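Visitor: First the structure, which I've put down as structure tokens, then a few questions once you've had a look.
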Amino acid sequence: MAKKRVAILISGRGSNMAALIAAAKDPAYPAEIVLVASNQADAAGLERATAAGIPTAIVDHTRFGKDREAFERALHSVLDEHRIDLVCLAGFMRLLTPWLVSRWQGRMLNIHPALLPAFKGLDTHERALAAGVKIHGASVHFVVPEMDSGPIIAQAAVPVQDDDTPEKLAERVLAVEHRIYPLALALVARGDVSLVDGRCRIAGAQPMPAALVVPEIKR
Ligand code: GRF
């Protein structure tokens, strides 16, 4: 089967982008990263993409003022030019309108640093600590017009420690983000994800190990 052509959209440092690029180096990986695009000309991830030999594009949203759809039309035509099959949002800090989202329905993924539907939006680690949850994590989902919503493809759970700070927790969540994004993209690219009643069913998923219980007490 031909590899799916993937664009990654970033606005910042691009560590998830780098994880996807690294995974896609495996000849057996079912997708190739053919474009990294950013709305921020100074996104640090652009340099990392160039260093990895991936073509980059900048679509500066400020050129379009308040006209979100005009920005999206410009972005969409860049994606079209590169014959993109799948789009991965990876720290892409623009809210997308139904105009673009509907064109990429079922073909656009996002990663969010929380166990959705908990803690949508920004500052998820601060909010998880403030809420006192014992288990936090990350989610990869299909993009729908509503922010940080849409069918969940993969999640990873991270135990919260009593002495956690937002920074410490963010670091451990980021480590699992870098595992589940390449996993989720591979599943979608292989056609192993199907939507049943609004939920993602994953072909080949194995029976789960024992439950994660937090706290674990050894006496
Ligand atoms: C990640 O935490 C991701 O989940 C969120 O934005 C952050 C981007 O980080 N959507 P990076 O640019 O991938 O390092």
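The values are calculated or read from the model by the stated rules, or taken from the named source; none is laboratory data. Just so you know, these numbers come straight off a predicted model, no measurement behind them. In this analysis, Cβ positions are derived from the backbone assuming ideal geometry, glycine residues included, and neighbour counts consider all displayed protein chains. These accessible areas exclude ligands, DNA and RNA; they are computed on the full protein's heavy atoms, side chains included. Shrake-Rupley method; radii C 1.70, N 1.55, O 1.52, S 1.80 Å.
Visitor: Each residue of the stretch 145-156 in turn: what ³J(HN,Hα) in whole Hz from Karplus with 6.51, -1.76, 1.60 and θ = phi - 60°, glycine and Pro shown as x?
Guide: x, 6, 4, 6, 10, x, x, 8, 8, 8, 9, 9
Visitor: List the residues whose amide H sits under 5 Å from the amide H of residue 9, counting only those 5 or more places along or on another chain, with H placed 1.01 Å from N in the peptide plane.
Guide: 37, 88, 89, 90
Visitor: Restricting the calculation to Cα positions, tell me the Rg (one decimal) and the Dmax (whole number) of the chain in Å.
Guide: Looking at the chain, its Cα Rg and Dmax stand at 17.6, 62 Å.
Visitor: Before rounding to the nearest 500, sum -39500 (n - 2.57) across all DSSP H runs of length at least 4 in the chain and divide by the residue total; then give [θ] at 222 nm in deg cm²/dmol. Can you show the working numbers first?
Guide: Working: 6 runs with 71 residues, N = 219.
For the chain, the value works out to -10000 deg cm²/dmol.
Visitor: Using the crude model of +1 on Lys and Arg Cβ and -1 on Asp and Glu Cβ, and no other charge, please compute the dipole size for the stretch 92-211 relative to its Cα centre, in debye to 20. It would help to have the intermediate numbers written out before the result.
Guide: On the way: 12 positive and 12 negative charges, 109 e Å.
Value, rounded to 20: 520 debye.
Visitor: About its Cα centre, what dipole magnitude does the stretch 70-162 give when the only charges are +1 on Lys and Arg Cβ and -1 on Asp and Glu Cβ, stated in debye to the nearest 20?
Guide: On the way: 8 positive and 9 negative charges, 26 e Å.
In debye, rounded to 20, the stretch 70-162 gives about 120.
Visitor: Placing unit charges on C-beta atoms (Lys and Arg positive, Asp and Glu negative, everything else neutral), compute the dipole magnitude of the chain about its Cα centre in debye, rounded to 20. It would help to have the intermediate numbers written out before the result.
Guide: Numbers: 25 positive and 24 negative charges, 95 e Å.
The dipole magnitude comes to about 460 debye.
Visitor: What accessible area per residue comes out for the stretch 56-152, rounded to a whole number of Å², with a 1.4 Å probe? Mind dumping the intermediate values first?
Guide: Details: 4660 Å² over 97 residues.
Each residue of the stretch 56-152 exposes 48 Å² on average to a 1.4 Å probe.
Visitor: Among DSSP beta bridges lying fully in the chain, give the percent that are antiparallel, nearest 5.
Guide: Details: 15 of 32 bridges.
Counting DSSP beta bridges with both partners in the chain, the antiparallel share is about 45 percent.
Visitor: Now, a different point. When the Karplus curve 6.51 cos²θ - 1.76 cosθ + 1.60 is applied with θ = phi - 60°, which whole-Hz ³J(HN,Hα) does each residue of the stretch 18-32 get, with x for Gly and Pro?
Guide: Result, ordered by residue: 4, 5, 5, 4, 5, 5, 6, 5, 5, x, 7, 5, x, 9, 10 Hz.
Visitor: Just going by the charge dipole of the stretch 1-82, with Lys and Arg at +1 and Asp and Glu at -1 on Cβ, which of 41, 70, 31 is farthest out on the positive end?
Guide: After comparing all options, I get 31.
Visitor: Still on this structure, please answer the following. Starting from the Cα of residue 74, step 7 Å along the direction of its Cβ; do the same at residue 41; then give the gap between the two resulting points in nm.
Guide: According to this spin-label approximation, the distance is 1.1 nm.
Visitor: What angle do you read, to the nearest 10 degrees and between 0 and 90, between the alpha-carbon axis of helix 68-81 and the longest principal axis of the chain?
Guide: Its long axis makes an angle of about 80 degrees.
Visitor: A further question follows. Once both labels are modelled 7 Å past Cα along the beta-carbon direction, what's the residue 179-residue 146 spacing in nm?
Guide: Those two pseudo-labels are separated by 2.9 nm.
Visitor: Also: Using a Förster radius of 25 Å, what is the FRET efficiency between residue 60 and residue 102 based on their Cβ-Cβ separation? Nearest 0.05, please. Kindly include the intermediate steps, with their values, before the conclusion.
Guide: Numbers: r = 24 Å, r/R0 = 0.94.
About 0.60, to the nearest 0.05.
Visitor: Carbon and sulfur together cover what percent of the accessible area of the chain at a 1.4 Å probe radius? Could you put the intermediate results ahead of the total?
Guide: Values: 6270 of 11680 Å².
Carbon and sulfur together cover 54 percent of it.
Visitor: Scan around residue 137 for amide H atoms under 5 Å from its own, H built in the peptide plane at 1.01 Å from N, and keep only partners 5 or more places away or cross-chain.
Guide: 115, 158
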